[in-house]
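K.L.:
Before I ask anything, let me first share the structure, which is written out below as structure tokens.
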Amino acid sequence: MANGDITKVEEYDKIEVVDSWNIQVRKATKIMEENSDGSLTELSRAFHRHALTPFISTVDADGTWTHAATDISGEHASVRAIATAAWTDAVKNGYQVMRQAQGI
């Protein structure tokens, strides 16, 4: 970068596991400008948030449940690592039981 150059920096600054199976992700997008001394000044910051669960659960008209595993292949490596560690078989089973108990 040269003095006055503008760059976009993305960082996953918050990844939280909530209720054992919900993973809440916050990505910060920062617009930075390089100063004459080589340091960076943040010009703006915006956040994008999304949440993940181990399955997309649906119920058919006859009451049959389908739990399709959530595809996390497009997630940032740090998000994938946390999801893989957090979503143990016991957590996944608990999520399925909870969804079916909701009857939605």
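Where a number appears in this text, it was derived from the coordinates with a stated rule and is not lab data. Quantities reported herein were computed from a predicted structural model and do not represent experimental measurements. All Cβ positions, glycine included, derive from the backbone under ideal geometry; neighbour counts span all protein chains shown.
K.L.:
Scan the stretch 7-26 for residues that are exposed (fewer than 14 other Cβ atoms within 10 Å of the Cβ), in contact with a strand residue (DSSP E or B) (Cβ under 9 Å, 6 or more places away or on another chain) and not polar (S, T, N, Q) and jot them down.
P.N.:
If the condition is that a residue be exposed (fewer than 14 other Cβ atoms within 10 Å of the Cβ), in contact with a strand residue (DSSP E or B) (Cβ under 9 Å, 6 or more places away or on another chain) and not polar (S, T, N, Q), then Lys8, Val9, Glu10, Glu11, Asp13, Lys14, Glu16, Val18 are the ones that fit.
K.L.:
Quick one: which of Val18, Val59 is in contact with a helix residue (DSSP H, G or I) (Cβ under 9 Å, 6 or more places away or on another chain) and not small (Gly, Ala, Ser)?
P.N.:
That would be Val59, the only listed residue that is in contact with a helix residue (DSSP H, G or I) (Cβ under 9 Å, 6 or more places away or on another chain) and not small (Gly, Ala, Ser).
K.L.:
A follow-up question, please. Evaluate the following for Gly4: is it in contact with a Ser or Thr (Cβ under 9 Å, 6 or more places away or on another chain), farther than 22 Å from Ser73 by Cα and surrounded by fewer than 14 Cβ atoms within 10 Å (Cβ to Cβ)?
P.N.:
Judged against the criteria, Gly4 is a match.
K.L.:
Considering the stretch 57-86 alone, what residues qualify as being surrounded by 12 or more Cβ atoms within 10 Å (Cβ to Cβ) and over 29 Å from Val9 (Cβ atoms)?
P.N.:
Ser57, Thr58, Val59, Trp65, His67
K.L.:
Is it the case that Thr64 is free of Cβ contacts under 8 Å to residues at least 12 places away in the same chain and hydroxyl-bearing (Ser, Thr, Tyr)?
P.N.:
For Thr64, the condition - free of Cβ contacts under 8 Å to residues at least 12 places away in the same chain and hydroxyl-bearing (Ser, Thr, Tyr) - is met.
K.L.:
Next up: Here's a check for you: in the stretch 27-48, which residue that is among the hydrophobic types (A, V, I, L, M, F, W, C), surrounded by 11 or more Cβ atoms within 10 Å (Cβ to Cβ) and in contact with a Ser or Thr (Cβ under 6 Å, 6 or more places away or on another chain) is nearest to Trp87 (Cα to Cα)?
P.N.:
Checked the stretch 27-48; the qualifying residue nearest to Trp87 (Cα to Cα) is Ile31.
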